[in-house]
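Working notes, beginning with the structure itself.
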Amino acid sequence: MPRKPTLSPSKISTYLACPSKYRWTYVDERGRWYIRAKSYFSFGTTLHKVLQRFHDARDAGVQTVGQALAAYEESWIDAGFESPEAMAQAFAEGKEIVEQHVRREIERPPEARTIAVEKLLRADLGDFVLIGRIDRLDEYPDGTLEIVDYKSGREATSDEEVASDLAMCCYQLLVRERYPGRPVRATILALRSGTAGTASLTDEALSVFREDLVAIGREILSRDYENLAPVWKPLCTKCDFLPLCRRHPEFDEPEEPSS
Ligand code: SF4
């Protein structure tokens, strides 16, 4: 039996933002020469690595603020920064974020226990397998499971944002499939401020979401990318693949206003 294709929240979000971007990122190999390192990915990956170690009960090496800061320095990824000054500023900000997060976690009484970090979950949705990696999964004494997703670049979030976030809905679907019958909620934690937003899909909303996901998954997997004409949108101005799309005769890029 051939293996089923996989779709992740980031693949689906990429497609929804721009099908051509999905093509260059995941389908057409020519795209790989155009992908540039991004400082925000480097920054986020570094912070995720440190918090993963701090919250992983099996990792006894990162339990204090000092240990977390040492792990941060070891884990630092320097790719994609525009200048040494920009990197130094991001490094200092990240240090502050790690310190504040670890202090808050040490000081707050533990209501829940972390049962998984960086956990990869899968759910067979028929034509494809939905996969998703969850930053953290906490379990409360009443059996409720809470998905915690870190946002490293954000000062704020809200319950409304979590309720309408595609990835958070995918994660809820994945956790509900993996732990049937358990109450599940999802939380985004804005690391720069420590503020959080939380939401939980009802059974009915989850079922509608699942149907929509299956439909969009089918569309993604059956699209004729070879003959896809790129369509200009504001997103294009910062897109790595702009040089590729510009070569297409139907790409309708607005002319720059003459000065
Ligand atoms: S340049 Fe625009 S149309 Fe092309 S992949 Fe990027 S966002 Fe999509």
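The values are calculated or read from the model by the stated rules, or taken from the named source; none is laboratory data. Treat the numbers as computed from the prediction; the structure is a model and nothing was measured. Methodologically, a virtual Cβ is constructed for each residue, glycine included, from the backbone with ideal geometry; neighbour enumeration extends over all protein chains shown. The accessibility values were calculated without ligands, DNA or RNA, using every heavy atom of the protein model including side chains. Shrake-Rupley method; radii C 1.70, N 1.55, O 1.52, S 1.80 Å.
With respect to the numbered conditions (1) within 16 Å of the ligand (Cβ to nearest atom); (2) in contact with a helix residue (DSSP H, G or I) (Cβ under 8 Å, 6 or more places away or on another chain), which one is the sole condition not fulfilled by Lys233?
(2)
What are the residues in segment 225-253 that are part of a loop (DSSP other than H, G, I, E, B) and among the aromatic types (Phe, Trp, Tyr), if any? Steps first, answer last, please.
To start, the set of residues in segment 225-253 that are part of a loop (DSSP other than H, G, I, E, B) comprises 228-233, 239-241, 247-253.
Result: Trp232, Phe241, Phe251.
Say we look at segment 9-49 and pick out the residues that are open to solvent by 70 Å² or more (accessible area, probe 1.4 Å) and in contact with a Phe, Trp or Tyr (Cβ under 9 Å, 6 or more places away or on another chain); which of these is nearest to Ala215 (Cα to Cα)?
Among them, the one singled out is Leu16.
Table: residues versus (1) modelled with pLDDT of 95 or more; (2) in contact with a strand residue (DSSP E or B) (Cβ under 6 Å, 6 or more places away or on another chain); (3) not aliphatic (A, V, I, L, M).
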| residue | (1), (2), (3) |
| --- | --- |
| Ala156 | no, yes, no |
| Asp159 | yes, yes, yes |
| Leu174 | yes, yes, no |
| Arg185 | yes, yes, yes |
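Quick one: which residue in Asp78, Asp138, Asp59 is open to solvent by 70 Å² or more (accessible area, probe 1.4 Å) and over 30 Å from Ser222 (Cβ atoms)? Break it down into steps so the answer makes sense when it comes.
Working: Asp138 fails: open to solvent by 70 Å² or more (accessible area, probe 1.4 Å); Asp59 fails: open to solvent by 70 Å² or more (accessible area, probe 1.4 Å).
Matching residue, one of Asp78, Asp138, Asp59: Asp78.
In this structure, is Arg176 open to solvent by 80 Å² or more (accessible area, probe 1.4 Å) and not assigned by TED's automatic domain parsing to the domain that holds Arg30?
Working: open to solvent by 80 Å² or more (accessible area, probe 1.4 Å): no; not assigned by TED's automatic domain parsing to the domain that holds Arg30: yes.
So Arg176 fails the test.
Only residues that are out of contact with any helix residue (DSSP H, G or I) (no Cβ under 8 Å at 6 or more places or on another chain) and open to solvent by 90 Å² or more (accessible area, probe 1.4 Å): list them for segment 84-107, please.
Within segment 84-107, Pro84, Glu85, Gln89, Glu96, Glu107 qualify.
Does segment 108-125 hold any residues that are surrounded by 10 or more Cβ atoms within 10 Å (Cβ to Cβ), of a type outside the set (Lys, Arg) and touching a residue at least 24 places away in the same chain (Cβ under 8 Å), and which are they? Before you say what the answer is, go through the steps one by one.
Step one: filter segment 108-125 for residues surrounded by 10 or more Cβ atoms within 10 Å (Cβ to Cβ), giving 112-125.
With the extra rule that they be of a type outside the set (Lys, Arg), the set shrinks to 112, 114-118, 120-121, 123-125.
Listed by number, the residues that qualify are Ala112, Thr114, Ile115, Val117, Glu118, Leu121, Ala123, Asp124, Leu125.
Scan segment 184-208 residue by residue and report those that are open to solvent by less than 30 Å² (accessible area, probe 1.4 Å) and outside any loop (DSSP other than H, G, I, E, B).
Correct list: Val184, Ala186, Thr187, Ile188, Leu189, Ala190, Gly197, Ala199, Leu206.
Search segment 1-24 for residues being among the charged types (D, E, K, R) and closer than 19 Å to Ala123 by Cβ, and hand back the single one that is nearest to the ligand (Cβ to nearest atom).
At the first step, the residues of segment 1-24 found to be among the charged types (D, E, K, R) are 3-4, 11, 21, 23.
Still in the list and also closer than 19 Å to Ala123 by Cβ: 3-4, 11.
Working: Arg3: 27, Lys4: 26, Lys11: 14 Å.
Here the answer is Lys11.
What strands (runs of 3 or more DSSP E) lie completely within segment 42-152 and have 3 or more residues being over 18 Å from the mean Cα position of the chain (by Cα)?
Numbers: elements: 113-124, 129-139, 145-151.
Of the strands (runs of 3 or more DSSP E) lying wholly inside segment 42-152, those with at least 3 residues that are over 18 Å from the mean Cα position of the chain (by Cα) span 113-124.
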